[in-house]
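The values are calculated or read from the model by the stated rules, or taken from the named source; none is laboratory data. Since the model is a prediction, treat every value here as computed from it, not as a measurement. With ideal geometry, Cβ positions are generated from the backbone for all residues, glycine too; neighbour counts draw on all protein chains shown. Areas reflect the complete protein model, heavy atoms only, side chains present, ligands, DNA and RNA absent. Shrake-Rupley method; radii C 1.70, N 1.55, O 1.52, S 1.80 Å.
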Amino acid sequence: MSQQRSKPSIVALMGVSALSFAAFAMPSLPVQAAEKTMRIAVPFGPKSSVPDPRARQNGWLSNRAGVSETLIGLGYDMTMQPRLAETFQNLSPTEWKLTLRKDVKFHDGSDMTAQDVKASFEKFDIEGHPGHNPRLSRLLGIESITVEDDHTLVFKTKSPNSAFLWSLTEPSAAVLKDGTDDLPLIGTGPFVFVMAEPDKTYQTRKFTDYWGGEPKLDGIVMDALSDPSVAALALQAGDVDLVTNYPEPDFAALKDKGEGQLFSNPTTRLFFFQVRTADGPLANDTLRTAVSLGLDRETIVAASLNGVGGEVANSLFPATMASWANGNLTLDYDPEKAKALLDEAGITDTNGDGNRELDGEEISLKIRSYEGRAALRPTLEITQALLQQIGIGAEIAMGEYDANNEALKAGEIDMHLQAWGTAPQGDPDYFPSTLVESGVGYNFSGYSNEELDALLKKGREDFDDEVRKEHYDRIQEIINADLPLIPVFHKTQVSVGNGKVDGYKIHPAETYLVTPDLTLAE
């Protein structure tokens with residue numbers, strides 16, 4: 001794309017402030033001089049100027065940008081596929097042998113070896129290192145890594161872990177070398193990291209020696225546009241080539257008119273409320289049950305997604321995970337039952353103002369969400385209206401994702417509306433083990449259930465999928481009964497291109513985007 005492209009008068013068209021416009025104004029940086037660079041609008045940007053893919057959620061952006069890679073990948077059918085590892089096998093309940101590809105080069109030109117892989121994984125446990133990741137370290141549960149030769153490793157886990165290989169597909173399980181001043185992030189993917197500006201942009205250039213073949217694009221620029229409507233306008237103005245998370249109402253309008261380069265595919269993403277159960281009003285079981293019964297999920301889906309974006313949730317897992325979803329579960333909309341349960345529990349409206357009281361105080365649930373996905377705000381607003389219909393007051397606001405989590409953890413808010421991929425690793429263990437297992441880092445609910453903890457442990461220790469299915473079916477039953485998480489709907493991702501995007505396909509796990517074949521047609 002030319003650096004001389006003049007800016008259209010988007011500010012005049014949409015009436016946004018200069019600050020809002022600056023969110024998608026293109027910085028003039030060297031990577032833009034590439035002959036064929038694709039600009040992609042994504043909902044979230046990097047969290048630092050050198051975002052190590054192994055830490056926090058950096059790996060998702062890096063993996064999607066084609067900078068970092070994992071030992072094992074996920075196919076579009078959600079099956080495990082060779083990636084940096086050519087073969088992988090289970091030697092025993094605690095031992096896993098992986099044989100690496102012999103043609104992989106790091107971005108500094110050096111060959112990838114088994115010793116490099118071991119060194120990269122060891123950074124997960126070094127506190128203070130940019131790659132420190134205690135969450136992934138806990139999921140992997142590695143006791144030791146033995147290098148047998150330059151291309152063979154044996155991982156030994158602390159206990160049987162049937163999800164181990166699946167966990168290696170998570171983007172945070174990236175293989176990197178230590179960075180340098182010239183190459184701050186040294187990965188193995190089809191694109192080389194150039195620079196990042198926190199919460200704004202992430203830029204790359206192609207890696208000609210990529211083991212999967214030279215990329216067709218010269219560079220990728222990912223612009224973080226958290227407001228989907230701003231991203232849509234940037235596409236219309238020609239400032240980006242692809243918007244990965246297009247506003248559902250606008251997508252529906254384009255679809256009705258037969259216009260635009262439209263992409264759509266079901267994903268494993270779940271929109272759900274994480275609920276503070278340890279204290280506060282929602283420590284009351286009946287009130288949590290009433291909240292779920294008061295949610296008209298059909299109306300939320302119709303209003304928030306405009307018929308193009310998903311389906312109501314009856315449990316954690318969507319149809320794309322048919323082998324793990326518990327098909328016998330429902331999350332009903334029954335406001336009359338909700339009212340009856342509240343009345344029986346003495347959670348009533350004593351002064352006739354329409355608001356119920358708990359322990360002598362009017363209920364006003366503090367519910368938060370965040371920008372970045374178009375359906376979050378309307379879902380929050382509709383939830384407030386639905387809860388009011390059963391006499392439950394709610395004070396809603398949009399905040400910053402991490403700040404919302406901290407507030408939930410501290411008991412300062414009662415519910416946090418979020419959108420997570422329930423199976424970015426293709427296995428059912430990740431989501432419940434990350435969010436509802438007792439004491440884990442993302443269990444901001446303060447929830448604890450001994451039976452659920454025991455079932456999660458069994459689910460990791462058993463290697464028979466039929467037996468594991470029984471465990472995870474029961475886990476879903478417990479979550480639907482206790483409601484530390486209240487599922488709302490499963491998401492279909494919708495994206496729109498400028499008519500020239502070629503080689504793009506939405507992955508069900510949403511962890512892949514850029515491939516060597518991605519290009520802009522002439």
For this session: From LEU91, LEU71, grab the single residue that is more than 29 Å from VAL496 (Cβ to Cβ), open to solvent by less than 40 Å² (accessible area, probe 1.4 Å) and of a type in the set (A, V, I, L, M, F, W, C).
Result: LEU71
For this session: Report, ordered by the first and then the second residue, all pairs with beta carbons closer than 7 Å, sequence separation of six or more or different chains, a first member in the range 388-414 that is under 23 Å from PRO43 (Cα atoms) and polar (S, T, N, Q), and a second member that is modelled with pLDDT of 95 or more and assigned to a strand (DSSP E or B).
Result: ASN404/ARG368; ASN404/TYR370; ASN404/HIS416; ASN405/HIS416
For this session: Looking for whichever is more than 27 Å from PRO318 (Cα to Cα), among the acidic types (Asp, Glu) and touching a residue at least 40 places away in the same chain (Cβ under 8 Å) here; the options are ASP296, ASP227, ASP285, ASP218. Which one fits?
Result: ASP218
For this session: Out of LEU408, LEU456, report the one residue that is in a helix (DSSP H, G or I) and either within 20 Å of MET321 (Cα to Cα) or touching a Leu at 6+ places or on another chain (Cβ under 6 Å) (or both).
Result: LEU456
Exercise. Restricting the search to the range 383-417, which residues are of a type in the set (S, T, N, Q) and within 23 Å of the chain's Cα centre (by Cα)?
Worked result: THR383, ASN404, ASN405
Problem set entry | Top-ranked residue in the range 137-151 [being open to solvent by less than 50 Å² (accessible area, probe 1.4 Å) and in a helix (DSSP H, G or I); ranked as nearest to ASP125 (Cα to Cα)] | SER137
Exercise. Can you tell me which residue in the range 489-504 is most open to solvent (accessible area, probe 1.4 Å), limited to those that are over 18 Å from PRO247 (Cα atoms) and outside any loop (DSSP other than H, G, I, E, B)?
Worked result: ASP502
Exercise. LYS156: assigned to a loop (DSSP other than H, G, I, E, B), open to solvent by 50 Å² or more (accessible area, probe 1.4 Å) and of a type in the set (Lys, Arg), yes or no?
Worked result: no
For this session: Working only within the range 436-488, note down all residues that are touching a His at 6+ places or on another chain (Cβ under 6 Å) and open to solvent by 50 Å² or more (accessible area, probe 1.4 Å).
Result: LYS458
Seminar exercise, completed: Flagged pairs (Cβ under 9 angstrom, 6 or more apart or on separate chains; first in the range 172-189, more than 22 Å from GLY212 (Cβ to Cβ) and among the charged types (D, E, K, R); second open to solvent by 40 Å² or more (accessible area, probe 1.4 Å) and in a loop (DSSP other than H, G, I, E, B)) are ASP182/ASP108
Exercise. Picking from LEU254, LEU295, LEU235, LEU282, which residue would you name as being closer than 24 Å to ASN449 by Cβ and part of a helix (DSSP H, G or I)?
Worked result: LEU282
Seminar exercise, completed: Residue hits (the range 35-80; over 30 Å from ALA237 (Cβ atoms), in contact with a Ser or Thr (Cβ under 6 Å, 6 or more places away or on another chain) and among the β-branched types (Val, Ile, Thr)) are THR70, ILE72
Exercise. In the range 351-364, is there at least one residue being open to solvent by 40 Å² or more (accessible area, probe 1.4 Å), among the hydrophobic types (A, V, I, L, M, F, W, C), assigned to a strand (DSSP E or B) and farther than 30 Å from LEU74 by Cα?
Worked result: no
Seminar exercise, completed: Counting only residues that are open to solvent by 40 Å² or more (accessible area, probe 1.4 Å) and assigned to a strand (DSSP E or B), the range 161-187 contains a total of 1
For this session: Would you check which residues across the range 301-325 are of a type in the set (Phe, Trp, Tyr) and surrounded by fewer than 21 Cβ atoms within 10 Å (Cβ to Cβ) and list them?
Result: none
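Residue-by-condition table, conditions (1) assigned to a loop (DSSP other than H, G, I, E, B); (2) on the phi < 0 side of the Ramachandran plot; (3) open to solvent by less than 40 Å² (accessible area, probe 1.4 Å); (4) of a type in the set (Ser, Thr, Tyr):
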{"residue": "ARG368", "(1), (2), (3), (4)": "no, yes, no, no"}
{"residue": "THR379", "(1), (2), (3), (4)": "no, yes, yes, yes"}
{"residue": "MET398", "(1), (2), (3), (4)": "no, yes, no, no"}
{"residue": "HIS416", "(1), (2), (3), (4)": "no, yes, yes, no"}
{"residue": "GLY426", "(1), (2), (3), (4)": "yes, no, yes, no"}
